[in-house]
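The block underneath contains the structure these notes are about, expressed in structure tokens.
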Amino acid sequence: MNAFEYGNGLLHAEGVLVADLAERFGTPLYVYSRAQLQAQLAALAAGYAAVTPLICYSVKTNSNGAVIKTFADIGVGADVVSGGELWRARRAGVPARKIVFAGVGKTAEEIEYALKENIRFFTVESEPELARISDLARRLGTTGRVALRVNPDVDPQTHKYISTGKKENKFGLDLARAGQACETAARLPNLELVGLHMHIGSQILTAVPFREAVEKVAPLCAALKRAHPAFRCLDIGGGIGIQYKPDQHPLDPATVAREIVPQLQALGLEIVLEPGRFLVGNAGLLVARVQYVKDNPFKKFVIVDAAMNDLIRPSLYQAHHEICAVRQVAEQIHGDVVGPVCESGDFLAQDRELPAVRQGDLLAVLSAGAYGFAMSSNYNSRPRAAEVMVSGSEAKLIRRRETWDDLVAQEES
Ligand SMILES: Cc1ncc(COP(=O)(O)O)c(C=O)c1O
């Protein structure tokens, strides 16, 4: 489904006019569609129905409580990477037994919190982390469930910053070491070795790397299952790519599932998925208002009130986001869409055919639901954008726009 479509030349978010949202809540404004969040989840669950996975939404992708709650209300768990994300997930109603905790640098404080919450398992990335969890669990008189993160050394064919399953990446342990670390985990006190985990990267657009990764870890899974009675699960992470460009073919989860489900079924393990981008990416857009159109001799610049601090993906990963006019216009111009931040890297689009907008018009930056607001900052002392959730003809403010007071609220003078 696409929740953001034109009717009579005006962009809608489900049953609401995007221009009305901009009037009511101001710009820059993130707008999410609840129906699309739910539809994405349904498509993923249908693709993997044969292995009835536990789906743990990757909270880092979009950590607004209303987004987490939309998924929690339909039985989805959470993949978290910090104490803060764990706290957010619990606050949004995700049961602790559906929460998995990843990340290479968990602090003692975060581990202690997760042990007290009794989460489903930690995905462990190194031997010293195993020792720390064991020690803290012993002190608390409890047991830490752990799944070792394997780095299967496959190329996910994505941007190098979001490639996580190659041997040069900081994540997980190579297969041989992961096997040894599992034996260590099984021997350490107050630990239960429950599974293996992997996450090979993000925005992956073919099923091949997923198949290669599962093929590589399957023998270790089978061996661990034979050797350790508590070993029961394989967490295959997230990574399914979405459409950012009109000519891009998004990856259908059913295609990935067709490639790997036979192997997963043969393993007979509980399967955990950690989708992020696939669930929320196309379910959100960023609305910005044109402040100036500047005609340089070399280039035209459409200067809007959203910037790299609101959506850093174009600057950080040279990511492409489609940009369209909230009120369609027939003519086009060629140029860049830029923000007010004092960096030449502050752009939302470069060298593009764009709608011929004028001062005061609204633009929508599409596919901004994932790694959008979640990666935003206050750089240049810019208050962060507001966020709105649309459902049918209703729109609810789910995060108010920050104020200048918010900018200094933590400061002491
Ligand atoms: C451990 C882990 N799981 C899941 C995800 C979500 O990935 P995606 O948004 O590509 O589905 C990430 C993203 O970085 C991750 O690090």
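Remark: relative contact order (segment 91-137) = 46 percent; criterion is Cα-Cα distance under 8 angstrom and separation of 6 or more residues. Near residue 34: Cβ cut-off under 13 Å, other residues only, Lys/Arg at +1 and Asp/Glu at -1. The net charge is -2. Packing order of peptides 293-300, 209-216, highest average first: 209-216, 293-300 (average count of other Cβ atoms within 10 Å over each peptide's residues). Once C-alpha pairs closer than 8 Å and six or more residues apart are averaged by separation and normalised to the residue number of the chain, the relative contact order reads 19 percent. Subtracting the Cα-Cα distance of residue 247 and residue 322 from 0.36 nm times their residue separation leaves 25.9 nm of extension gain. Solvent-accessible surface of the chain, averaged per residue with a 1.4 angstrom probe and all protein chains in place: 43 square angstrom. Carbon-plus-sulfur accessible fraction, segment 154-283 (probe radius 1.4 Å, protein heavy atoms only): 52%.
For segment 92-99, putting each phi into the Karplus relation 6.51 cos²θ - 1.76 cosθ + 1.60 with θ = phi - 60° gives couplings of 7, x, 7, x, 4, 5, 10, 10 Hz, in residue order, rounded to whole numbers and with x for Gly and Pro. If one computes the Cα centroid of segment 1-56 and of segment 358-413, what distance in Å separates the two points? Computed from Cα coordinates, the inter-centre distance equals 17 Å. Relative to the longest principal axis of the Cα atoms of the chain, helix 34-47 runs at roughly 40 degrees. Of 233, 342, 182, the residue with the greatest mean-square motion in the GNM of the chain, using alpha carbon springs below 10 Å, is 342.
Ranked by the mean number of other Cβ atoms within 10 Å of their residues, highest first, the peptides 60-67, 114-121 fall in the order 60-67, 114-121.
Report, to the nearest 10°, how far helix 253-267 tilts away from the longest principal axis of the Cα atoms in the chain, using its own Cα long axis and a range of 0 to 90°. In the chain, helix 253-267 runs at an angle near 10 degrees to the longest axis. For the chain, the Cβ-based charge dipole about the Cα centre amounts to some 920 debye (Lys, Arg positive; Asp, Glu negative; other atoms uncharged). Between the residues 140, 364, 263, the greatest Cα displacement towards the positive end of the dipole of the chain, with unit charges on the Cβ of Lys, Arg, Asp and Glu, is found for 140. Helical runs assigned H by DSSP (4 residues or longer) give the chain a calculated mean residue ellipticity at 222 nm of -9000 deg cm²/dmol, each run adding -39500 (n - 2.57) before division by the residue total. Here the label points at residue 226 and residue 255, each 7 Å from Cα along the C-beta direction, are separated by 3.6 nm in the simple model.
Among 110, 331, 274, the largest mean-square fluctuation in a Gaussian network model of the chain (Cα springs under 10 Å) belongs to 331. Highest average first, the peptides 352-362, 99-109, 31-41, 72-82 ordered by how many other beta carbon atoms sit within 10 Å of their residues are 31-41, 72-82, 99-109, 352-362. With the charge dipole of segment 103-273 set up from +1 on Lys and Arg Cβ and -1 on Asp and Glu Cβ about the Cα centre, the Cα lying farthest toward the positive end among the listed residues 209, 221, 199 is that of 221. Once the C-beta distance of residue 351 and residue 97 is scaled by a Förster radius of 60 Å, the resulting FRET efficiency is 0.75 to the nearest 0.05. Projected label points at residue 108 and residue 330, each 7 Å from Cα along the beta carbon direction, are separated by 7.1 nanometres.
The values are calculated or read from the model by the stated rules, or taken from the named source; none is laboratory data. On a predicted model such as this, the values are computed, not experimentally measured, just so you know. Cβ sites come from the backbone with ideal geometry, for glycine too, and all protein chains shown count toward neighbours. The area values use the complete protein model at the heavy-atom level, side chains included, leaving out ligands, DNA and RNA. Shrake-Rupley method; radii C 1.70, N 1.55, O 1.52, S 1.80 Å.
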